[in-house]
Every structure is written in structure tokens, then in C-alpha cells.
Amino acid sequence: MTIDEFRTRVESHKAEASQHILGALDANALEEQRTHVWSRTVQQSFSKALGELPADDRREAGRLFNELKVHVEAVLESRRAEIASLQHALDKPKLDLTMPARARWRGGKHPVTLVIDEIVAIFRELGFTVALGPESESEWYNFSALNFPADHPAMDMHDTFYLGEGALLRTHTSPVQIRTLQSSPPPIRILAPGTVFRRDPFDASHAPAFAQVEGLAVDEGISFVDLKATLTLFAQKFFGKTRTRFRPSYFPFTEPSAEMDVECRLCGGRGCSACKGTGWMEILGSGMVHPSVLEAAGIDSERYTGWAFGMGPGRIAMLRYGLPDIRLLYDSDIRFLEQVAE
Ligand SMILES: [Zn+2]
């Protein structure tokens, strides 16, 4: 035998051994193949052939034989691992195709968004359209144009987030009234939902940022009757059949002003701890637009009158879902949200 013949024999055994080993489907078959392709006899026959080679070729033949040995052992080991992992998968409990599928997780609208959507839908039927404004406002739009006197406590640093150079985070959605009055002539019927900001502590009934919905109607001949009729209709549509009442109130930008109450949702008007025994719950503030506000926006207050209201969808959501703490609306706790999401 020559070294070339020896090399050919090594290569062909390498291929044959690999084929046999990879064909084994379980541990027993693998052992059978091992004794077939890599038995002591097989190894001895290679040693014997090596010994018959001329002395000069034995070194190269030894290297080839060693390479074959490493290769066969590596293929054996990798097939052994594959079989073990297959066996492990087969030993696991069987897949039960009759089991019901796990329900798919579904996103939903936040309760505050649901309330805003519903308020918008009710007023849309009455001819109102949605208007939006910037969250960063000037002092003029947020206070001066809305008839706040220069020393009004709401302008205090303790209540308002000032951004510097006369800019601030709007403390209410009312600046949208001014922007709308400036940009479009009456008749006006708009609804302005948005986020507002106050330097309030974050506790059970206050949040530093919360949603508000503003409404404004301006036209010739609009009176308090329109305000009362529209807001009462809204309350009936939103809460179902309920009694309402208007209480005199004060806002710089309306005159006269009134807050609207609905019957307590929890006790039905009999009086409970949620309504502090009164049987009523306040849902919004409203009033006839102050003539100074109309004039500030360039509207002739002799010719036009209007009414406006503002309400907190967060507060309404608390009433609707009976929430004890406003922070539930901002914690993003999925366990709570899943109960109210639609
Ligand atoms: Zn009550």
C-alpha cells in the first residue's frame, strides 16, 4: 500500500462513517453504528496498514489516521447530543389540541377618553364641532383675555406652571374660546377637549395634569335659557334620566355664572358620604360669556351673546365608575383599566 492509497482509504471511511452515524435515529442504533464504523477491529486494520507503509510515509499516515479519529468521534458526539435532545422533546407531555385557546389580549380606550368621546358625540348631535388649541399658552390668552384681574389668585406661582417670558402651561381649556372667537365669526358652537395643568398636589382628588372639556356657543340672541336647556339635555343623555340643578357661582369669564349638579349617582339623591349628604354632585361650571371676553376677542358684545361651560372628564369618569381616587385614572394599572375599558 502507498501513502496515496492510505489517504484514499481514510477519506472514504470518513464519509462512510459520517453517513452511518447520522442515519442513526436513536441511542441503540447509534451504538450499533459506532461498533460498526469505529470498532477496535476497524482501528486495528488502519494501524496495521500504517505499519506496512515505507518508514518515510508513516509520519504523514499517522497524522491522517489521527484526523480520522478526531472526525469520527466528533460526529458521534454531536449525533449523541441531537438524539438526546429529540428524546427529551418526545418525553415531554403530549400537546393537547382540544384545549381551548388562551384569550387574546386586547387593548381598549382609557376611561377618560371614553367619557370625552361620549361628551363629544352628544354635543356633535347638537351642532357643535371640536376645536383644539396649544397646551403652552401666553398669559394673555390664559388670563387677561378671559377677564382675570391682574391680581387674581389663579395667576399666582402656586397655581400655574410658568414657562418663562410670559408663556405658561394652560390652566384651563378656555383659551381655545378666545382663539376661536378671533378666528371665526359667529355663529360659533365648539367643544374643546384637552389637557390642562395646575400646580396641585397629586392626591385622591387632584392631579397636576388632567383633561378638561370646554364648550362655547356664541350667536345673536343667545340667552341663559339656551345654556340651561342644552346642559340639561346633555346631562339626561349622558347620565340617563336624572334631576339637575343650577347653583349660582363665579368665574371671571362668565356673568352670570352657574354650576350644574346632577343627582348623586351612588345614593340617587337620598344623601351619602360620596355626596356629603347633599344628594347632589357637581359636574360642570358654566355661564354667559362676559362681554369683556367677547370684546377682547374682537366680537361686538352689543350684537352677540354666548354661553360657555367647562367640565372635567376625569371627575365624570369617577362618578360613572364609582372611583374613590382620581389617581386610579393616571396610574396605568392594567388590572383597573381592564375592568373599565371598552
Ligand atoms: Zn350620594
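Brief remarks follow.
- Only one of A145, A89, A121, A150 that is surrounded by 12 or more Cβ atoms within 10 Å (Cβ to Cβ) and not in a strand (DSSP E or B): A145
Matching residues to (1) in contact (Cβ under 8 Å) with a residue 12 or more places away in the chain; (2) over 34 Å from the mean Cα position of the chain (by Cα); (3) in the same structural domain as R315 (by TED's automatic domain parsing):
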{"residue": "A49", "(1), (2), (3)": "yes, yes, no"}
{"residue": "R63", "(1), (2), (3)": "no, yes, no"}
{"residue": "E67", "(1), (2), (3)": "yes, yes, no"}
{"residue": "S78", "(1), (2), (3)": "no, yes, no"}
{"residue": "E82", "(1), (2), (3)": "no, yes, no"}
{"residue": "R102", "(1), (2), (3)": "no, no, no"}
{"residue": "W105", "(1), (2), (3)": "no, no, no"}
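- Annotation note: of G271, G279, the sole residue that is over 29 Å from L181 (Cβ atoms), touching a residue at least 12 places away in the same chain (Cβ under 8 Å) and small (G, A, S) is G279.
- Check on T230, more than 26 Å from the chain's Cα centre (by Cα) and free of Cβ contacts under 8 Å to residues at least 40 places away in the same chain: no
- Selection status of T195, part of a helix (DSSP H, G or I) and within 32 Å of the chain's Cα centre (by Cα): no
- Within the stretch 271-285, the only residue that satisfies the criterion of being crowded, with 16+ Cβ neighbours inside 10 Å and among the charged types (D, E, K, R) is E282.
- Matching residues, the stretch 1-36, being without any contact (Cβ under 8 Å) to a residue 24 or more places away in the chain and either in contact with a strand residue (DSSP E or B) (Cβ under 9 Å, 6 or more places away or on another chain) or not in a helix (DSSP H, G or I) (or both): G23
- Residue match in the stretch 160-167 (condition: assigned to a loop (DSSP other than H, G, I, E, B), of a type outside the set (S, T, Y), in contact (Cβ under 8 Å) with a residue 60 or more places away in the chain and out of contact with any Lys or Arg (no Cβ under 9 Å at 6 or more places or on another chain)): no
The values are calculated or read from the model by the stated rules, or taken from the named source; none is laboratory data. Just so it is clear, the model here is predicted, and its values are computed rather than measured. Note that we place each Cβ from the backbone using ideal geometry, even for glycine, and neighbour counts take in every protein chain shown.
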